[in-house]
1. State, to one decimal in nm, how far the label point of Arg160 lies from the label point of Lys77, with both points 7 Å from Cα in the Cβ direction.
2. Let me know the charge dipole size of the chain about its Cα centre in debye, to the nearest 20, where only the beta-carbon of Lys, Arg (+1) and Asp, Glu (-1) is charged.
3. Given Cα positions, please report Rg to Rh for segment 99-161, the hydrodynamic radius being the Kirkwood one.
4. Note down the magnitude of the dipole of segment 62-135 about its Cα centre, charges +1 on Lys and Arg C-beta and -1 on Asp and Glu C-beta and zero elsewhere, to the nearest 20 debye.
5. Just subtract the alpha-carbon distance of Gln120 and Arg193 from 0.36 nm times their residue separation and send over the number in nm, one decimal.
6. For the chain, how big is the tail of P(r) above 29 Å, as a whole percent of Cα pairs?
7. Let me confirm the definition first: pairs of Lys residues in segment 1-138, 8 or more apart or on different chains, C-alpha distance under 21 Å. How many are there?
8. When you count, for each residue, the other Cβ atoms within 10 Å and take the mean per peptide, how do 119-126, 160-167 rank with the highest first?
Amino acid sequence: MKNRFDLIIFDWDGTLMDSVDWIVHCIQQAAAECACDIPSAAAVKDIIGLSIDNATRQLFPGVDTETRQRLAEVYGKAFFSKQIGPTDLFPGVTAMLERLRGEGFRLAVATGKKRAGLDQAIRGTGVADLFCTTRSSDQTASKPDPLMVAEILAELGIDRQRALLVGDSAHDMQMAANARVAAAGVTCGAHSRETLQQYKPLLCLDYPTDLLELL
């Protein structure tokens with residue numbers, strides 16, 4: 001693992017930010033307000049990482065376009081009704097990112113969040129200056145399409161063999177496989193170790209901060 005990578009691409013929700021339970025709550029709240037069947041927590045966790053459009057299609061397959069748009073709007077308002085700050089990151093994440101940057105790694109984010117939501121979350125948690133670039137689902141293709149990763153690699157001029165993608169969901173692991181980059185799964189978010197290991201990641205860790213012992 002030492003000296004193998006130049007770039008680490010992180011997912012956001014469930015990987016760096018401890019937000020999975022809040023996402024579940026906000027999706028369920030949006031479903032209730034829009035008079036839709038309320039999905040289970042497990043069903044919501046399965047869509048974390050997808051764009052909100054793809055997520056609502058999967059969770060609410062029988063609803064019309066207008067209702068899906070309304071669900072997305074209500075969800076977004078609910079999610080950002082809570083002030084986001086540094087303590088919303090998993091413990092040790094800020095120090096980890098600072099150390100990785102100090103050791104010469106380039107850092108990026110690839111997320112299913114929309115650009116406005118990611119910008120707000122990164123600013124609120126105080127880590128904006130630590131990332132070289134970011135990609136959101138409304139800028140490019142939603143996971144597990146590899147376009148997000150391909151764009152980041154092209155922008156930074158880094159070979160795919162020198163990049164590691166870190167994520168908490170099956171969508172992250174699929175995207176890494178599709179992009180032909182190494183992956184590290186973390187079990188602090190949406191999906192279990194057993195689910196992540198189906199995609200044969202290079203590593204499967206409890207928290208992203210465990211990377212510090214390996215890189």
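The values are calculated or read from the model by the stated rules, or taken from the named source; none is laboratory data. The structure displayed is predicted, hence computed values, not measured ones. Cβ: placed from backbone, ideal geometry, glycine included. Neighbour counts: every protein chain shown. These accessible areas exclude ligands, DNA and RNA; they are computed on the full protein's heavy atoms, side chains included. Shrake-Rupley method; radii C 1.70, N 1.55, O 1.52, S 1.80 Å.
1. 4.3 nm
2. Once rounded to the nearest 20, the dipole reads 400 debye.
3. We get a ratio of 0.97 for segment 99-161.
4. In debye, rounded to 20, segment 62-135 gives about 80.
5. Here the answer is 23.3 nm.
6. Distances greater than 29 Å cover 20 percent of the Cα pairs.
7. 8
8. The most tightly packed comes first, giving 160-167, 119-126.
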